[in-house]
1. For the range 86-130, state which trypsin sites (Lys or Arg not before Pro) are in a DSSP loop and have at most 15 other beta carbons lying within 10 Å of their beta carbon.
2. Under 1.5 on a/c is rounded, so check that first for the range 40-120, then, if it is not, pick prolate when a/b is larger than b/c and oblate when it is not; a ≥ b ≥ c are the square roots of the alpha carbon gyration tensor eigenvalues.
3. What FRET efficiency comes out for the pair D100/T30, r = Cβ-Cβ distance, R0 = 35 Å, nearest 0.05?
4. Under a plain spin-label model, where a point goes 7 Å from the Cα along Cα-to-Cβ, how far apart in nm are T37 and Q55?
5. Counting only other residues whose beta carbon sits under 10 Å from that of I52, what net charge do I get with K and R as +1, D and E as -1?
6. Which order, highest average first, do 66-74, 135-143 follow once you tally other Cβ atoms within 10 Å for each residue and take the mean per peptide?
7. What's the ranking of 78-86, 107-115 by average number of surrounding C-beta atoms within 10 Å, highest first?
8. Residues in the range 117-138 near a label at S64, defined as backbone nitrogen under 15 Å from the 7 Å Cα→Cβ point?
Amino acid sequence: MQLDDLYRRVIMDHYKNPRNQGTLDEEAVTVNLNNPTCGDRIQLQMQLEDGIVKQAKFSGEGCSISLSSASMMTEAVKGKSYDEALALADKFSEFIKGEDVEFEELEDIEALSGVSKFPARIKCATLAWNALRKGIEHDNNNNNK
Ligand code: FES
Ligand code: FES
């Protein structure tokens with residue numbers, strides 16, 4: 001199998017069988033973000049406790065790239081400390097711009113490597129990761145008040 005085919009399969013698997021799709025209760029930190037280029041929107045909800053991402057779920061509409069990326073992101077960050085999760089988000093930013101990066105946390109993410117060649121799609125792939133940053137920053141700000 002070609003690497004491209006394999007990557008396409010991984011992406012479609014996350015799109016069709018999304019991990020962590022759904023909602024959490026009203027205690028959860030909720031972030032709504034939309035992709036200005038297409039109007040698609042996702043909601044990310046996280047249970048943040050003691051500096052740890054205990055649970056993460058997403059819902060909303062989007063293309064296969066944005067929803068598969070949300071599925072992968074939630075899988076990768078569950079159980080991670082805020083610092084670890086933010087470091088992963090930084091790593092993803094480098095990766096999606098075309099840097100050669102490996103994700104030992106969740107190899108599936110590497111299936112999105114082809115996206116770096118398509119600037120419009122980069123926004124799709126980063127939507128969920130931006131929501132992650134926003135949610136953690138929001139919680140940090142609240143705790144420092
Ligand atoms: Fe067109 Fe994402 S903006 S596919
Ligand atoms: Fe809208 Fe990708 S086309 S999120």
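We did not get these values from a lab; they are worked out from the coordinates using the rules stated. Bear in mind that the values here come from a model prediction, so they are computed numbers and not experimental data. Note that each Cβ is placed from the backbone with ideal geometry, even for glycine, and that neighbours are counted across all protein chains shown.
1. K97
2. On the way: a/c = 2.22, a/b = 1.27, b/c = 1.75.
Here the range 40-120 falls in the oblate category.
3. Step by step, r from the Cβ atoms, then E = 0.50.
4. According to this spin-label approximation, the distance is 3.4 nm.
5. 0
6. For the peptides 66-74, 135-143, the packing ranking is 66-74, 135-143.
7. On the way: 78-86: 16.9, 107-115: 19.3.
Sorting 78-86, 107-115 by mean packing, highest first, produces 107-115, 78-86.
8. Once the point is set 7 Å along Cα→Cβ of S64, 121, 125 turn out to lie under 15 Å by backbone N, inside the range 117-138.
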